[in-house]
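The values are calculated or read from the model by the stated rules, or taken from the named source; none is laboratory data. None of the values given here were measured: they were computed from a predicted structure. When we count neighbours, we look across all protein chains shown, and the Cβ atoms used for this are built from the backbone with ideal geometry, even at glycine.
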Amino acid sequence: MTIEPTTVEATTEELTTTTVTTTTTVDPDLCNKCNFDAIAPRLLQNNVEYAASDEHPVDGCERKQVLCKRSDRQQCTTVQMFATTADTSVSISMLTTATMVFANIDCDNEGNLSYKGTVNGIEQITCNLEGCALYSNG
């Protein structure tokens, strides 16, 4: 048996190349779009109030002072504020007295909340005022 060779014809096809470029747009105003209300304590002890007030922006980014305080005249032996992130809960404060604690919370360039640039991605603030009683001056 004999097999005849087959002829293969050369063809030319135009090759098309497509380049895909992905661009990520960063919103320059993310540091002014943080949701400070989302980190407010979900549960407060009796006679404890929480407030967040505007502070002067830092490098053009939003900053708020968050405050936990007694709404009565009682003084406490333990006054703490905690910032909770996805990983941990850290005690934070700029000033603590027997009746209140406050800290400045910043909105960073990525739209996340942080404390002093060391506690990043704050998801929740918790207030702890314990050992509270009316103390007399004498």
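Which residue out of SER93, SER114, SER71, SER136 is touching a residue at least 12 places away in the same chain (Cβ under 8 Å) and more than 14 Å from GLN45 (Cα to Cα)?
Just one listed residue meets the conditions, SER93.
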Checklist outcome for this item: Over the range 73-91, the set of residues over 25 Å from LEU30 (Cβ atoms), out of contact with any Ser or Thr (no Cβ under 9 Å at 6 or more places or on another chain) and not β-branched (Val, Ile, Thr) is SER91
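What residue, among those in the range 94-121 that are at positive phi and not basic (Lys, Arg), is modelled with the lowest pLDDT? Give the derivation first.
So the first thing to find is which residues in the range 94-121 are at positive phi, and the list is 111, 116-117, 121.
So of that shortlist, the ones also not basic (Lys, Arg) come out as 111, 117, 121.
Numbers: GLY111: 95, GLY117: 92, GLY121: 97.
Among those residues, the one meeting the criterion is GLY117.
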Item to check | Out of LEU67, LEU129, LEU43, sole residue that is in a loop (DSSP other than H, G, I, E, B) and among the aliphatic types (A, V, I, L, M) | outcome: LEU43
Item to check | Those residues of the range 86-126 which are assigned to a loop (DSSP other than H, G, I, E, B), within 20 Å of GLU62 (Cα to Cα) and hydrophobic (A, V, I, L, M, F, W, C), in sequence order | outcome: ILE92, MET94, ILE122
